[in-house]
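K.L.:
Before anything else, here's the structure in question.
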Amino acid sequence: MARALRMPSEADLPPGTVRDFVEFLFAHYRWAGRPTLRKISTTVADGDYRSTASTETVRKMLRGKSVPARWETAESVFLALCDLGGCDLDDSFQFDGVKGTRGGTMKRLWNAALDE
């Protein structure tokens, strides 16, 4: 049985824009029921998304080891998690004191993490 991923500790991933990106993504991973990396990758591959993502890409994103340079990759993993968790991208969402939509928040956090 695959071990469940855990949100990285602050010692492993210090506070900052990359941690914010991972916290937001990880919240959706939890909401989706902590699917396996293979399930997420397969959902991306089988879905109507603009990119693909290997299990290793998904793992690196959720561990904060990598922020995809291409929006399409980050978006595809996020959309797969939203689909698995039944989330609506247009829901109003507040994260770190900033209001917006769930999808807009993801893009804002991805951009900030890349700029760090």
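K.L.:
Say we look at region 73-91 and pick out the residues that are of a type in the set (Asp, Glu) and in a helix (DSSP H, G or I); which of these is nearest to the chain's Cα centre (by Cα)? Steps first, please.
P.N.:
The first filter runs over region 73-91 and keeps only residues of a type in the set (Asp, Glu), leaving 75, 83, 88, 90-91.
Okay, now just the ones that are also in a helix (DSSP H, G or I), so 75, 83.
Working: 75: 8, 83: 12 Å.
That would be 75.
K.L.:
Looking at residue 24, is it among the aromatic types (Phe, Trp, Tyr), touching a strand residue (DSSP E or B) at 6+ places or on another chain (Cβ under 7 Å) and closer than 24 Å to residue 116 by Cβ?
P.N.:
Yes.
K.L.:
Continuing with this model, one more query. Using the structure shown, decide if residue 105 is within 26 Å of residue 42 (Cβ to Cβ) and touching a strand residue (DSSP E or B) at 6+ places or on another chain (Cβ under 8 Å).
P.N.:
Yes: the conditions hold for residue 105.
K.L.:
Out of 59, 102, 50, which single residue is under 18 Å from residue 32 (Cβ atoms) and open to solvent by 60 Å² or more (accessible area, probe 1.4 Å)?
P.N.:
59
The values are calculated or read from the model by the stated rules, or taken from the named source; none is laboratory data. Predicted model, so just to flag it, every value in this text is computed and none were measured. Counting neighbours? That spans all protein chains shown, and the Cβs are built from the backbone with ideal geometry, glycine included. Ligands, DNA and RNA are stripped out before the accessible areas are found, and what is left, the full protein with its side chains, is counted by its heavy atoms. Shrake-Rupley method; radii C 1.70, N 1.55, O 1.52, S 1.80 Å.
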